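Written below as structure tokens is the structure these notes are about.
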Amino acid sequence: MLYRSYGKTQFQASRLGYGVMRLPVDEQHNVDMDKAVKVLRHAYDAGINIFDTHHNYHRSQSEEALGHAFAGVRDQVFIQTKNPFYRGESGGDTYRSRLEAALKRLQTDYVDGYMAHSVSQDSWEADGHGDAFVAAAAKFRDEGLVRFVGFSAHGTPEFIDKLIDTGQCDLVLFQYNLLDRAYEPCFAHAHARGVATGVMGPMAGGMLGPPTPEVAAMYPPGIASTPELCLRFVLSNENIDVAFSGMTQPEWIDQNAEVVSHLRPLGPADRKHLEAAVAEKKKLAELYCTACNYCMPCPHGVDIPRNFQFMNLHRLYGATEFARHRYSHLRTEGDPPLAASACTQCGECEPKCPQNISIVEQLQDVARTLGKGREVLRQR
């Protein structure tokens with residue numbers, strides 16, 4: 001396993017981290033603690049020493065599993081957990097109660113990293129939540145309950161850079177993969193300031209986990225698997241310390257650990273090949289929809305661009321099961337639902353489309369193709 005200084009924390013972190021969001025579960029979707037502890041210890045034995053979790057992952061059972069797995073080697077691992085940071089959910093008092101409950105589950109008296117999760121400008125500024133978090137985190141650090149403080153974010157790069165520039169941030173965690181490079185400048189900005197940088201979703205949230213002919217056609221020469229491609233792409237970025245992957249199966253851990261232990265950064269020719277392949281996929285996707293939103297709002301509640309986005313995962317990347325899983329959420333969101341199946345074929349959207357897409361026909365195709373799916377576990 002390769003290791004690298006995790007920002008200014010002085011911790012030598014494995015370049016491959018474990019995202020504790022996809023543990024083995026039983027038929028009731030509770031964490032199977034015996035299997036979870038075994039897979040976490042398997043990761044540790046493979047050289048992984050940094051673990052990212054959340055107060056609410058697996059209904060808090062992910063923290064409990066970490067507590068069972070590492071009670072005897074607590075000083076050998078870096079554990080970072082996250083507090084949800086949504087409008088109406090955050091506040092100074094709840095920060096302490098949540099952290100204290102997490103410490104009990106983790107069977108420890110401190111966490112290495114304490115992060116505000118899924119920060120946006122709205123959630124940070126609403127009702128003084130950002131100031132409350134900063135004040136609470138500083139107090140927890142003074143008390144020895146947390147060692148380092150940071151945030152994960154899905155906000156704009158401009159807002160993220162402002163948070164980094166406050167100087168109150170030790171750790172950051174953003175999505176980054178070969179299909180989503182929006183935060184690439186933020187990683188460079190954070191690294192330049194000595195902030196520890198972690199990547200979530202190196203496999204595009206699971207979309208790039210399973211091998212498909214469509215994705216395999218994008219491989220540069222010498223790439224043997226999609227996980228190898230994803231990890232080599234992410235860790236070729238000199239501004240990134242750790243790639244966190246959700247690895248439910250021991251064999252996924254072994255496969256990824258092998259890649260990182262013998263990491264070969266992608267060269268300029270490889271990156272040029274990949275960028276051309278991704279650009280071509282994007283061009284093809286725009287034949288179906290550019291997500292301009294001119295067709296919205298639908299009078300019957302259908303989220304037309306998101307339906308087409310998930311359909312393109314099936315069409316262009318062969319990620320059919322993943323697309324069906326994402327589409328299944330649209331079938332339960334909204335009233336009426338946001339899914340294509342709610343389309344009444346009124347046709348009001350079609351004259352608004354600058355690309356003259358046959359939206360009604362395409363929505364029917366989405367409903368037929370993605371309408372029957374099941375949840376699947378994928379490396380993230």
* Asked: Quick one: what Rg and Dmax do you get for the range 200-246 from the alpha carbons, in Å?
  -> 10.7, 31
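I need Met200, Met296, Met21 ordered by Cβ neighbour count within 10 Å, fewest first.
Values: Met200 21, Met296 13, Met21 17.
Ranking Met200, Met296, Met21 by Cβ neighbours within 10 Å, fewest first, gives Met296, Met21, Met200.
Can you give the FRET efficiency for Ser261 and Ala188, using 1/(1 + (r/R0)^6), R0 = 41 Å, r = Cβ-Cβ distance, to the nearest 0.05? Each step should come with its number before you reach the end.
Values: r = 26 Å, r/R0 = 0.63.
The value I calculate is 0.95.
Neighbour counts of other C-beta atoms within 10 Å: give me Val242, Val234 arranged from fewest to most. It would help to have the intermediate numbers written out before the result.
Numbers: Val242 29, Val234 23.
Ranking Val242, Val234 by Cβ neighbours within 10 Å, fewest first, gives Val234, Val242.
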* Pair Lys35, Lys352: separation of 7 Å Cα→Cβ label points (nm) -> 4.5
* Any idea what angle helix 359-370 forms with the longest principal axis of the chain, computed on alpha-carbon atoms, 0 to 90 degrees, nearest 10? -> 50
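Let's see if you can work this out: charge +1 on each Lys and Arg Cβ, -1 on each Asp and Glu Cβ, no other charges. What is the dipole magnitude of the chain about its Cα centre, in debye to the nearest 20?
On the way: 39 positive and 46 negative charges, 110 e Å.
Result for the chain is approximately 520 debye, rounded to the nearest 20.
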* Asked: Arranged by the count of other C-beta atoms within 10 angstrom, fewest first, what order do Tyr3, Tyr57 take?
  -> Tyr3, Tyr57
* **For the chain, cysteines whose Cβ has no other cysteine Cβ within reach (under 4.7 Å)** => Cys169, Cys186, Cys230, Cys289, Cys292, Cys298, Cys343, Cys346, Cys353
* Asked: Once every DSSP H run of n ≥ 4 in the chain is given -39500 (n - 2.57) and the sum is divided by its residues, what mean residue ellipticity at 222 nm do you get, rounded to the nearest 500 deg cm²/dmol?
  -> -13000 deg cm²/dmol
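By how many nm would the segment from Glu361 to Ala126 lengthen if fully extended, with 0.36 nm per residue of separation less the alpha-carbon distance? Walk me through the numbers on the way to the answer.
Numbers: separation 235, 0.36 × 235 = 84.60 nm, distance 4.17 nm.
Going from the current span to full extension adds 80.4 nm.
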* Any chance you could run the full-extension gain for His154 through Thr320? It's 0.36 nm times the residue separation minus the Cα-Cα distance, nm to one decimal. => 57.3 nm
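Here, each number is a calculation from the coordinates, and none is a lab measurement. Note that this is a predicted model, so its numbers are computed, not measured. Note that we place each Cβ from the backbone using ideal geometry, even for glycine, and neighbour counts take in every protein chain shown.
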